[in-house]
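Visitor: Please see the structure below; I have some questions.
Here, each number is a calculation from the coordinates, and none is a lab measurement. Since this is a predicted model, take the numbers as computed values, not measurements. Using ideal geometry, Cβ is built from the backbone for each residue, glycine included, and neighbour counts are taken over all protein chains shown.
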């Protein structure tokens with residue numbers, strides 16, 4: 001598994017619990033991806049978005065939430081906004097520990113500060129992965145199957161497997177998540193109050209703010225507030241563009257702090273952390289055997305070969321200063337993701353999950369969220385483990401093992 005975010009950990013746990021020897025490479029110093037290194041401190045996509053949400057993702061997600069509850073590191077499920085977004089809020093340190101424990105308990109061989117540098121292929125199969133570790137050593141591992149959960153489709157690109165960049169020539173804007181402390185427990189800090197304060201500050205001449213609308217949420221344990229407002233347009237695959245955007249976003253965080261301090265109960269607010277990494281929503285995508293199609297989301301299509309459920313509406317961020325574009329899920333508020341949506345079109349032992357998945361623009365802006373990534377990662381990891389035995393009836397065997405491990409293949413409730 002290449003990448004230790006939500007999708008990568010789910011893939012590794014699914015594979016290890018199926019009986020496979022499993023190596024999980026993570027270039028950062030912690031598992032968790034966006035939830036631990038990008039301050040995206042909420043899991044969405046685990047339930048349908050409706051007044052009474054229904055559970056759509058189980059298996060590894062259940063184990064993670066149960067572990068977080070024991071640590072006091074996750075809120076009760078909240079239903080927020082007029083579209084009934086179902087989400088739980090997270091403590092990032094609890095997420096780090098929970099994922100470490102889950103991987104250790106399942107026998108996953110984790111390598112942190114491990115950066116993939118080459119992925120060799122033999123015909124239409126990946127063969128060797130070489131990574132550089134913290135000491136600078138170059139280590140090569142032979143792979144029976146690979147799941148690319150890197151976010152940027154790093155294994156896919158290095159191996160020569162087919163990929164695209166963005167969708168229809170567009171890449172979603174990125175956002176620096178910023179965590180603020182020193183806020184009174186009774187302070188009214190919501191998306192609406194913060195947006196009004198930003199617009200007021202802009203009228204008064206404050207510059208350097210790219211957005212007034214975005215998620216603003218309270219965290220468990222600390223009571224800190226996290227905002228998702230500092231938007232940046234960039235090419236995430238260009239190091240100069242990435243550096244410039246990251247630095248500008250951190251500068252924005254201080255301007256937003258000025259705004260926050262004007263709200264009642266927030267005069268002593270301060271920045272706890274920015275990111276530390278910029279929140280990238282989109283870069284490279286695997287070209288799948290069967291790409292994801294917008295009609296699947298719009299019509300709420302679920303087929304008998306479903307291996308994961310999508311339950312979060314499409315949330316496309318078109319650019320700085322522009323409102324997010326939302327598209328709801330039709331039918332019964334979920335759609336099905338099949339194994340062919342997770343398999344490479346030209347590399348027989350390569351799978352993908354999370355935001356690496358490729359297809360149409362609208363559905364791609366749904367499956368990237370962490371709750372759905374837990375589901376697609378779980379399925380991809382099990383399929384990768386089963387592939388070592390045979391490709392025959394792989395989808396059916398994957399569904400069978402997913403059910404055995406507590407995953408949901410149909411909507412609960």
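Visitor: Go through 309-321, 185-197 and give me the packing order, highest mean Cβ count within 10 Å leading.
Guide: Descending packing order for the listed peptides: 309-321, 185-197.
Visitor: Under a plain spin-label model, where a point goes 7 Å from the Cα along Cα-to-Cβ, how far apart in nm are residue 168 and residue 322?
Guide: 1.1 nm
Visitor: Follow-up. Please work out the C-alpha center-to-center distance from the range 5-27 to the range 96-112 and express it in whole Å.
Guide: Their Cα centres are 9 Å away from one another.
Visitor: I would also like to ask the following. How high is the relative contact order of the range 103-188, in percent, with contacts defined as C-alpha pairs under 8 Å that are six or more residues apart?
Guide: Relative contact order comes out at 19 percent.
Visitor: With the cut-off at 1.5 for a/c, could you classify the range 226-298 from its C-alpha gyration tensor as rounded, prolate or oblate?
Guide: Taking the square roots of the gyration eigenvalues as a ≥ b ≥ c, the range 226-298 is oblate.
Visitor: Right, here's the next one. Can you tell me which of 113-119, 61-67 comes out highest on packing, and rank the rest after it, using the mean Cβ neighbours within 10 Å?
Guide: 61-67, 113-119
Visitor: Let me ask something additional. Set the Förster distance to 56 Å, then compute FRET efficiency between residue 271 and residue 332 from the Cβ-Cβ distance, nearest 0.05.
Guide: The value I calculate is 0.85.
Visitor: Give the angle, between 0 and 90 degrees and rounded to the nearest 10, that separates the Cα long axis of helix 6-18 from the longest principal axis of the Cα atoms of the chain.
Guide: 30 degrees
Visitor: Rounded to a whole number of µm²/s, how large is the Stokes-Einstein D of the chain at 4 °C and 1.567 mPa s, given Rh as the Kirkwood radius over C-alpha pairs?
Guide: 61 µm²/s
Visitor: OK, next. Explain nothing, just the number: relative contact order of the range 174-274, from Cα pairs under 8 Å at least 6 residues apart, as a whole percent.
Guide: Relative contact order, the range 174-274: 45 percent.
Visitor: Between residue 71 and residue 301, what is the label-point separation in nm under the 7 Å Cα-to-beta-carbon projection?
Guide: So the label points at residue 301 and residue 71 sit 3.9 nm apart.
Visitor: What angle do you read, to the nearest 10 degrees and between 0 and 90, between the alpha-carbon axis of helix 370-387 and the longest principal axis of the chain?
Guide: Roughly 10 degrees, rounded to the nearest 10.
Visitor: Measure off 7 Å from each Cα along the Cα-to-Cβ vector at residue 139 and residue 196, then give the distance between these two points in nanometres to one decimal.
Guide: Modelled inter-label distance: 5.4 nm.
Visitor: Here is a further query. Which whole-angstrom value gives the distance between the alpha carbon centres of the range 343-390 and the range 120-169?
Guide: 14 Å
Visitor: Right, next: Find the relative contact order for the chain and round it to a whole percent, using C-alpha pairs within less than 8 Å whose residues are 6+ positions apart.
Guide: That works out to 24 percent.
Visitor: By count of other Cβ within 10 Å, fewest leading, how are 1, 370 ordered?
Guide: If I rank by nearby Cβ atoms, fewest first, I get 370, 1.
Visitor: On to the next question. How would the range 49-182 be classified by its alpha-carbon gyration tensor: rounded, prolate or oblate, with rounded meaning a/c under 1.5 and the a/b versus b/c comparison settling the rest?
Guide: Verdict is prolate for the range 49-182.
Visitor: How large is the Kirkwood hydrodynamic radius of the range 174-274, in angstrom, based on all distinct alpha carbon pairs?
Guide: Across the range 174-274, the inverse of the average 1/r is 13.8 Å.
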